[in-house]
């Protein structure tokens, strides 16, 4: 029975009164719905490339820095989009390219922490979450849902990737609980799911990754940097073909690279040391064709996830070749940087390299994207300087599109102990790695806005 059914006019209510009652009901419903959609719970604090928000009523808004985000909103990034959201409790979420994040609930009251509630859903793609004040007092007030698993927090900083075939997660600080949906865990819950299917992943475990696939009873935990172990983790699947295991290894490598391409808490706190980058003297790039294949003898190579290369990409090689005797370092949605000679003990710089070293750009693949579409771009000037003693780097690129549009990249920051680095600011991002002997380097980059974006991949060397 319809609870809003009205008696006929002969039942004692005039058409005017019926109209008034209907209007009041509509107004009441709108009033109840308004706070959920009208109150700002976050805003865009950083935007690189193209992204938009889909509101609860289905309307769309192109994102810009400062755009408000409300409960019910879905943030959708394009293939070049990278968005940071800053929430009202000082929590933060990074939404990587080709991703969709939905804000299902966000309630924060410092005076009544028991009423706090944070529920997000990573519909697809990759996101990084840093918990805010809403979950500091009681971490059971936070939940990140994915299509096949729920994630609760016992820490503050973690990254998740969701695809139709699997959910993968890693932790930079603290701990999370990963649980596939089932009788004891539903998407409507809040906080970590408990029970035999729950798996805890903590930063104290090292660089490991939790993996959940459809039908799994619990998450598998593998070392995120070792492809051999990723493959071994799935080797007991008696019903999996060699092709399927190859796909699983590829997806594991891509997820690990995407996670490694996120700045660590220390790197994010320091940010981009633009002053150091601006002081660099750029060498003119005179190599006739930087966009060319890498030799198999190189310590660093770019391996692509797709069978066919992307537009203007002659630099990458197929994943099946790139991963032979190499491990993944950093990646984006199209390709990853693979490094030979596994790192032991997490420290590759001593005693193989010391002092300040200048690198020479040896290869690069660059595109320019605007409203007119994609076009070829080139590097006009380049510099990469690494200070091994201080564990820092500075790099600069001068870029030019075929149409004559010019761009520039200026970034500097700290190196991790394993030779990886990742920095981003309002309009630029970079993620890369050094070879184990410190003689080669490579990084992916993006610089610009949704209307004018240069992006690409580079390789560098110290030889002639």
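The values are calculated or read from the model by the stated rules, or taken from the named source; none is laboratory data. These numbers were taken from a predicted model, which means no experiment stands behind them. Glycine gets a Cβ as well: all are built from the backbone with ideal geometry, and neighbour counts include every protein chain shown.
For the stretch 68-82, filtered to residues that are under 18 Å from residue 371 (Cβ atoms), in contact with a strand residue (DSSP E or B) (Cβ under 6 Å, 6 or more places away or on another chain) and assigned to a loop (DSSP other than H, G, I, E, B), the residue that is modelled with the lowest pLDDT is 80. Contact map, the stretch 240-255: residues that are over 17 Å from residue 214 (Cα atoms) paired with residues that are modelled with pLDDT of 80 or more and in a helix (DSSP H, G or I), Cβ distance under 6 Å, separation 6+ or inter-chain. Pairs shown: 250/319. Within the set of pairs 6 or more residues apart or between chains, which connect a residue that is within 16 Å of residue 250 (Cα to Cα) inside the stretch 197-224 to a residue that is assigned to a loop (DSSP other than H, G, I, E, B) with Cβ atoms less than 7 Å apart? Final answer for the pair search is 209/224; 210/219; 211/219; 212/148; 212/219; 213/165; 223/207; 224/207. Residues in the stretch 124-166 that are assigned to a helix (DSSP H, G or I) and in contact with a helix residue (DSSP H, G or I) (Cβ under 9 Å, 6 or more places away or on another chain): 133, 134, 135, 141. Of all the listed residues (119, 86, 112), the sole one being crowded, with 18+ Cβ neighbours inside 10 Å, over 24 Å from residue 310 (Cβ atoms) and not assigned by TED's automatic domain parsing to the domain that holds residue 429 is 119.
Looking only at the stretch 255-274, decide whether some residue is on the phi > 0 side of the Ramachandran plot and assigned by TED's automatic domain parsing to the domain that holds residue 362. Yes, because at least one residue in the stretch 255-274 is on the phi > 0 side of the Ramachandran plot and assigned by TED's automatic domain parsing to the domain that holds residue 362. Counting only strands (runs of 3 or more DSSP E) wholly contained in the stretch 316-411, the ones carrying 2 or more residues that are within 24 Å of residue 49 (Cα to Cα) and at pLDDT 95 or above occupy 335-340, 356-370, 373-387, 392-401. Scanning the stretch 429-444 for residues that are surrounded by fewer than 23 Cβ atoms within 10 Å (Cβ to Cβ) and touching a strand residue (DSSP E or B) at 6+ places or on another chain (Cβ under 6 Å) yields a single hit, 440. Of the residues 109, 114, 89, the single one that is farther than 21 Å from residue 167 by Cβ, more than 13 Å from the chain's Cα centre (by Cα), at pLDDT 90 or above and outside any strand (DSSP E or B) is 89. When the stretch 56-67 is filtered for residues that are part of a strand (DSSP E or B) and in contact (Cβ under 8 Å) with a residue 60 or more places away in the chain, only 62 remains.
Considering the conditions (1) at pLDDT below 85; (2) not in a loop (DSSP other than H, G, I, E, B), residue 276 is excluded by exactly one of them, (1).
Within the option set 373, 336, 303, being in the same structural domain as residue 423 (by TED's automatic domain parsing), free of Cβ contacts under 8 Å to residues at least 24 places away in the same chain and either exposed (fewer than 15 other Cβ atoms within 10 Å of the Cβ) or touching a helix residue (DSSP H, G or I) at 6+ places or on another chain (Cβ under 8 Å) (or both) holds for one residue only, 373.
Going by what's in this entry, would residue 424 be described as under 21 Å from residue 275 (Cα atoms) and crowded, with 24+ Cβ neighbours inside 10 Å? Judged against the criteria, residue 424 is a match.
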